[in-house]
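First comes the structure, then the notes that go with it.
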Amino acid sequence: MKKLVGLTGKTGAGKSTVSAHLKEKGAYIIDGDVVARRVLVDNNSLLNELKKEFGEGIINPDGALNRRALARVAFSTPEKTEKLNSIMHPAINDAIFEEAEKAFLSNNVVIVDAAAIIESGFTEKSDYLIVVYAPREIRKERIINRDGISEADAEIRINGQKEDEFYLSKADFVFNNFPPHDIKQQFLQLEKELFN
């Protein structure tokens, strides 16, 4: 049986850890960040819409999107984050569904790893949703170390996302990615649910 699975969680929760494990077990992984970058390549109308909404400062001198500058502006308020989502999500979802359709020709489980998968409307067409969870302070430390950003920039990213309950209430499976939770046991549970 083929399963289209959403994998999400707040920034720094550890989605890539779960994604890597599921890939190792045979799932096809679609990285939402990669798709988001790809839909912007040579897409002047999308770039122009972003520039109009968030300012000239989000575009590099070479005409490419400066993702860090966009993040600073777009995640500064919930309203701006929502506007970013309304611009980007339709194009991203179209590209994701197209890739998933091709992946199902040779795979039974397709995982879409994306931070804003619930907000995008993707989960309405998926079979299963995994939410990766970790407490705020752990996530903040991970973001600072992973991305080499300041604590202030990490706070902006964290504050730009919805409350924990928004994610947890929609999950078919919550993966608690922090001590003292048993990571191996959670992986075994996921494998049973997805691959059997």
For segment 42-170, size of Cβ-based charge dipole, Lys and Arg +1, Asp and Glu -1, in debye: 280 debye
Value of [θ]222 nm, deg cm²/dmol, for the chain, DSSP H segments ≥ 4, -39500 (n - 2.57) each, nearest 500: -16000 deg cm²/dmol
Magnitude of the charge dipole, segment 154-196, Cβ model with Lys/Arg +1 and Asp/Glu -1, debye to 20: 100 debye
Fraction of antiparallel bridges per DSSP, segment 1-141 only, in percent to nearest 5: 5 percent
Euclidean distance of C-alpha centroids, segment 127-170 and segment 1-66, integer Å: 16 Å
Positive-end extreme of charge dipole, the chain - chosen from Q186, L4, I59 (charges on Cβ): Q186
Ranked S86, S150, criterion: other C-beta atoms within 10 Å, fewest first: S150, S86
Order of K140, K184, K80, K125 - criterion: other Cβ atoms within 10 Å of each residue's Cβ, fewest first: K184, K125, K80, K140
Reachable aspartates and glutamates, given that their alpha-carbon falls under 18 Å from the alpha-carbon of K52 and they are not under 8 places away in the same chain: D42, D62, E79, E82
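Only the coordinates and a few stated rules stand behind these numbers; no lab work does. These numbers were taken from a predicted model, which means no experiment stands behind them. So basically every Cβ, Gly included, is an ideal-geometry build from the backbone, and we count neighbours across all protein chains shown.
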